[in-house]
Amino acid sequence: MYESTLNVEKKNNHLLTYVKSQLEPYLNEIDGISTELEDDSRNYYSLACSDTYRFQIRRCISSAVTQALSLGYKNVYFRDLLNIKGASFYQNVLVNTICIFDNEYDKQFISRVIEPDNTICLDGYYNFRMSVIKRKWLEISKLVSDNDFILTDNDLIVEFLQYLSESMTCKEERLSVSLDKDGFILFGGENKTIAALQSLAQPLNVEEETALNVICLKPKKVVFYYDDEPSEDFCDLMDSLFATEYVRAL
């Protein structure tokens with residue numbers, strides 16, 4: 001029997017919830033089991049499966065934990081440094097985009113320090129095993145913090161997002177987005193659905209997550225289909241970055 005336990009401080013339990021969401025589908029496939037516990041300060045998630053699947057579940061754990069650390073804790077780190085916890089729509093989109101920018105490099109580094117056979121304390125990794133990558137994050141954050149007037153001017157935030165976008169490749173010529181208050185779905189060529197990125201930011205905001213995904217896909221044209229009209233901030237930002245069209249769903 002292969003067993004593993006993961007835990008995190010309560011204030012960042014959304015990251016453990018994310019890890020669980022990535023592991024549960026595979027556990028169900030292999031008839032594994034899991035349980036959740038909590039005490040006054042921490043949340044715990046334990047799993048077990050046949051030793052036959054040891055290597056597969058280890059890979060799944062490593063991948064999910066790497067993503068939680070490289071995106072979720074990066075988001076926490078940036079917000080602490082920039083002191084923008086009660087941020088506006090524009091500020092949140094900027095921070096979320098910066099966090100996902102160069103994420104592949106972050107994941108490659110972090111994946112090398114994960115030890116899935118041992119108890120995994122997410123905040124322990126963040127506090128004690130990621131000093132090298134956090135120095136890189138600090139250098140990136142200084143681009144904004146040294147010019148903190150950017151954070152108070154929506155036009156400058158748009159310019160900064162355009163600057164980041166210049167180094168991205170266009171992944172879809174034409175993008176369609178079905179958007180409502182509960183979520184969004186992305187459609188690319190031939191109306192094929194596109195898996196959405198997650199910022200792992202808290203609290204979750206549908207329009208901010210949608211904006212992040214559109215920015216990262218960098219389409220030449222994007223059409224939004226909606227039931228409830230998107231906010232003015234959302235429309236203004238999308239209009240500033242892309243050729244857009246808005247269609248009310250029937």
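Average the reciprocal distances over every distinct pair of alpha-carbons in the stretch 1-95, invert the result, and give the Kirkwood radius in Å. In the stretch 1-95 this quantity evaluates to 14.7 Å.
Close amide H partners of Ala196, meaning residues 5 or more places away or on another chain with modelled amide H under 5 Å apart, do not exist here.
Measure nothing but the geometry: give the 0 to 90° angle between the long axis through the Cα atoms of 89-100 and the longest principal axis through the Cα atoms of the chain, rounded to 10°. Result, in degrees: 50. With n ≥ 4 as the cut-off for DSSP H runs, can you work out [θ] at 222 nm for the chain, using -39500 (n - 2.57) per run divided by the number of residues, rounded to the nearest 500? My calculation for the chain gives -14500 deg cm²/dmol from helical runs alone. Solvent exposure of the chain amounts to 52 Å² per residue of accessible area, where only protein heavy atoms count and the probe is 1.4 Å. When all alpha carbon pairs of the chain are counted in 5 Å bins from zero, the resulting P(r) reads 1, 6, 13, 15, 16, 15, 13, 10, 7, 3, 1, 0 %. Each Lys and Arg contributes +1 and each Asp and Glu -1, all at the Cβ; summed about the Cα centre of the chain, the dipole is approximately 920 debye. Phi angles across the stretch 12-19 convert, under the Karplus curve 6.51 cos²θ - 1.76 cosθ + 1.60 with θ = phi - 60°, into 3J(HN,Hα) values of 10, 4, 4, 6, 5, 4, 5, 4 Hz, Gly and Pro given as x.
Rounded to the nearest Hz, the phi-derived 3J(HN,Hα) couplings of the stretch 138-154 under the Karplus curve 6.51 cos²θ - 1.76 cosθ + 1.60 (θ = phi - 60°) are 4, 4, 5, 5, 5, 4, 8, 5, 6, 10, 5, 5, 4, 5, 9, 10, 4, where x marks glycine and proline. Got a number for carbon plus sulfur as a percent of the chain's accessible area, 1.4 Å probe? Here carbon and sulfur together make up 47 percent of the probe-accessible area. In the chain, a dipole from Cβ-located charges (positive for Lys and Arg, negative for Asp and Glu) runs towards its positive end, and of Cys235, Ala211, Leu138 it is Leu138 whose Cα lies farthest in that direction. When Rg and the Kirkwood radius Rh are both evaluated on Cα atoms of the stretch 34-157, their ratio Rg/Rh stands at 1.05.
Binning the alpha carbon pair distances of the stretch 116-189 at 10 angstrom intervals from zero yields the distribution 14, 23, 27, 32, 5, expressed in whole percent. Heavy-atom accessible area for Thr193, with the other protein chains in place and a 1.4 Å probe, reaches approximately 100 Å². Of all DSSP bridge pairs formed entirely within the chain, close to 60 percent run antiparallel. Here is the tail figure for the stretch 188-250: Cα pairs spaced more than 13 Å apart come to 66 percent of all pairs. For the set Lys20/Lys74; Lys11/Lys107; Lys10/Lys107; Lys20/Lys218; Lys20/Lys181; Lys74/Lys136, the pairs lying more than 21 angstrom apart at their alpha carbons are Lys11/Lys107; Lys10/Lys107; Lys20/Lys218; Lys20/Lys181.
The values are calculated or read from the model by the stated rules, or taken from the named source; none is laboratory data. Remember, it's a predicted structure, so these values are computed and weren't measured experimentally. Here Cβ is always computed from backbone atoms with ideal geometry, including for glycine, and neighbour counts include all displayed protein chains. Quick note on the areas: whole protein, heavy atoms, side chains included, nothing else; ligands and nucleic acids left out. Shrake-Rupley method; radii C 1.70, N 1.55, O 1.52, S 1.80 Å.
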